[in-house]
1. Starting from 0 in steps of 10 Å, tell me what percent of the Cα-Cα pairs of the range B:70-201 lands in each bin.
2. Can you classify the protein assembly as shown as rounded, prolate or oblate using the Cα gyration tensor, where a ≥ b ≥ c are the square roots of its eigenvalues, rounded means a/c under 1.5, and otherwise it's prolate if a/b beats b/c and oblate if not?
3. How are the C-alpha pair distances of the range B:9-59 spread across 10 Å bins, as whole percents from the shortest bin up?
4. What number comes out for the charge environment of A:ALA117, summing +1 per Lys or Arg and -1 per Asp or Glu over other residues with Cβ under 11 Å away?
5. Placing the label point 7 Å from Cα along the Cα-to-Cβ direction, what are the distances from B:GLN147 to the equivalent spots in the other copies, shortest first, in nm to one decimal?
6. GNM, chain B, Cα, under 10 Å: largest mean-square fluctuation among B:ASN24, B:ASN89, B:ASN103?
7. Pulled fully out, how much extra length does the chain show between A:ASN24 and A:ASP104, if you take 0.36 nm times their separation in residues and subtract their Cα-Cα distance?
8. For every other residue with a beta carbon closer than 15 angstrom to the beta carbon of A:MET40, add +1 if it is Lys or Arg and -1 if Asp or Glu, then tell me the sum.
Number of protein chains: 2
Amino acid sequence: MEFAKKPRQSQQERSALTRNKLLNSTLQIIDAEGWHRASMQRICEHAGVSRGAQTHHFPTRESLLIASVREIVKRYQSDLTEGPIRLQNLEAFFDFLWDATFNDNLLICWVEAMVAARTDASLKRVVADTDASSMTAMRALGAEASQPNGPVRIRGTSQVEDLVELTVCLLRGLVLQQGVHHDLSEKRRLFELWTRIVAEVA
Amino acid sequence: MEFAKKPRQSQQERSALTRNKLLNSTLQIIDAEGWHRASMQRICEHAGVSRGAQTHHFPTRESLLIASVREIVKRYQSDLTEGPIRLQNLEAFFDFLWDATFNDNLLICWVEAMVAARTDASLKRVVADTDASSMTAMRALGAEASQPNGPVRIRGTSQVEDLVELTVCLLRGLVLQQGVHHDLSEKRRLFELWTRIVAEVA
DNA sequence: TAATTTACAAACAGTCTGGTCTGTTTTTTT
DNA sequence: AAAAAAACAGACCAGACTGTTTGTAAATTA
């Protein structure tokens with residue numbers, strides 16, 4: 001019969017909790033219903049958070065969506081870096097990228113964000129920045145994977161890095177198509193063809 | 001001082017005119033402001049067509065957008081078929097695809113449509129169908145370009161055709177990125193690398 | 001020319017959205 | 001314990017959107 005009289009949750013905990021609930025719901029709704037249908041009301045309803053609480057943390061819709069964009073790349077980056085730290089070769093790295101692309105809904109959300117950002121100046125800045133840094137990280141990872149022994153890199157642009165960037169763009173194109181044609185194995189087949197071709201030249 | 005008393009325009013002409021005005025404005029607005037901001041009011045205003053006239057030709061927003069989707073592929077197809085009928089090799093064909101991709105705004109509109117269709121069942125059907133037929137046509141064109149002498153094709157899927165599909169997906173990924181990063185020459189460089197690699201194996 | 005159909009015009013109703021505003025509860029500070 | 005601040009709750013409003021409806025002008029048909 002003893003209840004703690006001291007606060008059950010600190011302000012920090014409360015804040016972080018609802019903030020995360022909102023971000024999670026935002027990503028889920030973007031994935032399930034598309035960017036433009038991710039309205040505040042729908043997000044709040046889905047998250048079980050009141051409109052007022054949402055206003056407190058994200059005063060405008062733009063602020064919430066920008067935070068979501070940042071959340072996407074943050075998670076994607078941690079997928080990449082927490083993953084297999086040592087990749088033997090480029091093919092293994094490409095396989096890894098494939099998994100990171102199609103195993104969760106992050107990249108779909110990212111594509112939605114890129115399309116939305118195209119016609120939204122303030123969003124475009126954020127997406128462009130985060131995308132550039134993310135792309136740089138992937139290029140570096142790919143270069144490292146293709147040449148595991150060389151720890152020091154001199155040039156900012158090698159052919160391997162370009163191949164990584166091409167592969168990322170290709171994967172995004174495949175994601176785009178996956179949204180309409182749901183045959184994933186067909187895309188897998190195509191991607192393996194590409195992987196084989198690249199392995200030959202790299 | 002003589003004015004024709006007979007009708008200046010036939011019904012057919014009037015219909016076709018406003019219909020085209022609406023479709024053109026729709027595509028322009030999708031390109032400039034994005035799919036979800038292409039509202040009936042904005043489109044009518046831009047086209048100089050009254051809300052009532054629009055209602056007469058396209059009773060619902062969905063019907064107008066679906067007609068626009070069909071218009072996109074129709075124009076894209078005519079770009080492809082009216083273009084250089086005889087392409088010498090695959091590289092020339094890829095260059096041709098590059099031009100068709102970045103010379104007008106059709107592919108941006110198409111990417112917007114694909115993203116919108118992902119979360120819109122009825123739109124998805126249309127986009128999936130038109131995309132499939134369009135893709136088939138491009139695969140065939142590519143196969144023809146790579147082997148100009150063989151008029152008869154037996155298999156439905158050759159490696160060359162797969163390479164064409166990969167290239168189309170890549171170009172879409174590049175379009176996606178072009179919406180956010182506006183450096184086209186960088187993408188051109190990457191695409192030429194791609195072309196060199198792919199043409200080697202074909 | 002008269003009747004009918006097609007094309008166009010504009011107002012209206014109902015819904016949804018984002019931002020604001022006022023008030024309440026919970027935690028922290030004094 | 002009292003005061004202050006942070007987190008939360010929900011009503012409200014002005015604007016935008018789609019679809020409908022009623023009415024008018026132009027073209028076609030009888």
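Bear in mind these aren't lab numbers, they're just calculated from the coordinates by the rules spelled out. Values in this document were obtained by computation on a predicted structure and should not be read as measured data. With ideal geometry, Cβ positions are generated from the backbone for all residues, glycine too; neighbour counts draw on all protein chains shown.
1. In order of increasing distance, the bins hold 11, 42, 35, 11, 0 percent.
2. On the way: a/c = 2.31, a/b = 1.11, b/c = 2.08.
Verdict is oblate for the protein assembly as shown.
3. 28, 54, 16, 2
4. Details: positive: A:ARG118, A:LYS124, A:ARG125; negative: A:GLU112, A:ASP120, A:ASP129, A:ASP131.
So the environment of A:ALA117 carries a net charge of -1.
5. Its label point is 3.8 nm from the equivalent points in the other copies.
6. B:ASN103
7. Length gained between A:ASN24 and A:ASP104: 27.5 nm.
8. Numbers: positive: A:ARG19, A:LYS21, A:ARG37, A:ARG42, A:ARG51, A:ARG61; negative: A:GLU33, A:GLU45, A:GLU62.
Here the charged neighbours net out to +3.
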